[in-house]
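Structure, as structure tokens:
Every read-out reported here was derived from the displayed coordinates using simple, explicitly stated rules and does not represent laboratory data. Nothing here was measured: the structure is a model prediction, and the numbers come from that model. Note that each Cβ is placed from the backbone with ideal geometry, even for glycine, and that neighbours are counted across all protein chains shown.
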């Protein structure tokens, strides 16, 4: 992209002239990482103002900068700058302009749970196309999405962008920035229900992913969710592919076959079948070894395969998928002969239930350490009770609840009857309990919202091994 595109958008720069035929350099929002020839975008937050580092950017050889109106006084002599109303909005516009020059298809992913896992599964299934760029870490917000887009280059054959949200309007902005060719919604759950109030509102927020979707684009969703179908129908009239796993809800569940108005839901376009004790996914004639355990991950893989097929790939050739997830997600390790399923990164009720189901299918005795799930609002106590009831129904051999508040009390009451049940206030207090209970061959699940910091328990278990 040439600097002429910036001139077309924001007019001539102040401070110095630029060559409109010069290519735009790397875009950087952190002066500590700025290299010579980069465009500096000083972002403004509650506790920081990047405009304070404009002189440092000039000293390091910045190509130019974007400067928020009213902060021109911080601009050093000789540094070209475009004046904008809001540098964050301008940063997103830069991402959109860059994306419009990309020839590679852009895939956007959102959902209440499984976004990152599905993002990585899509990256894996698209690998035969060539280099695939995907969001890293938590690059799923107003800053992370344009950052991902601006990293994409001519060598990339596809770009996968994760989109998160905490309220209405956020995914709308991200979708308009990314202008995706394919949009994937993993599910509609209860994460952030404390902010949005209902699953219906969450469905509306997630369907904002269609705001920037190309008119000839595709939406990929799980089949059988009336709320998702109704929210999607209000904003999207284009193509939709629905996937389902045989025997689990959307594929053939009578309870999920109609909307609240009694209208029949569309049938799935693709139904997968788990085989070989849940280690192989069958789709038509294709048999694909599961790179990640669990029915929920099989369903996420179906979403990814739908993306691959839209981009011309044959599901029958996806027989050796390599998926590397960030820490705290579907991570399995052995500590002193005990298998630990590390799911400490985050938690929603749906994700906890899926993790418990996966735990229950493992050999040996089953133990879990569950912490609180945050941002559930008025439904928090009921949802924590539901999770604990499920743990009791699965007949776990032991459960440690990490929470000293009302949610912990609700879980303790609901799980009554388990052979081993303990409630503690923090992760460190769980360690001696587990040392007392566990033996080689046992299976241990760790699951809680990120704020609980349940990952602190792992080194304590390693010390005792």
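Take the residues in segment 190-216 that are in contact with a helix residue (DSSP H, G or I) (Cβ under 8 Å, 6 or more places away or on another chain) and not in a helix (DSSP H, G or I); name whichever of them is nearest to residue 166 (Cα to Cα).
Going through the qualifying residues, I end up with 192.
Considering segment 36-52 alone, what residues qualify as being in a helix (DSSP H, G or I) and more than 28 Å from the chain's Cα centre (by Cα)? Step through it out loud before you land on a result.
Restricting attention to segment 36-52, the residues satisfying the condition of being in a helix (DSSP H, G or I) are 50-52.
Those that are in a helix (DSSP H, G or I) and more than 28 Å from the chain's Cα centre (by Cα): 51, 52.
Quick check, is residue 351 in contact with a helix residue (DSSP H, G or I) (Cβ under 6 Å, 6 or more places away or on another chain), buried (at least 20 other Cβ atoms within 10 Å of the Cβ), in a helix (DSSP H, G or I) and touching a residue at least 60 places away in the same chain (Cβ under 8 Å)?
Values: in contact with a helix residue (DSSP H, G or I) (Cβ under 6 Å, 6 or more places away or on another chain): no; buried (at least 20 other Cβ atoms within 10 Å of the Cβ): yes; in a helix (DSSP H, G or I): yes; touching a residue at least 60 places away in the same chain (Cβ under 8 Å): yes.
Criteria not met by residue 351.
Condition test on residue 112, is it buried (at least 21 other Cβ atoms within 10 Å of the Cβ) and outside any helix (DSSP H, G or I)? Give the derivation first.
Numbers: buried (at least 21 other Cβ atoms within 10 Å of the Cβ): yes; outside any helix (DSSP H, G or I): yes.
Against the criterion (buried (at least 21 other Cβ atoms within 10 Å of the Cβ) and outside any helix (DSSP H, G or I)), residue 112 qualifies.
Quick one: is residue 93 within 17 Å of residue 10 (Cβ to Cβ) and assigned to a helix (DSSP H, G or I)?
Yes: the conditions hold for residue 93.
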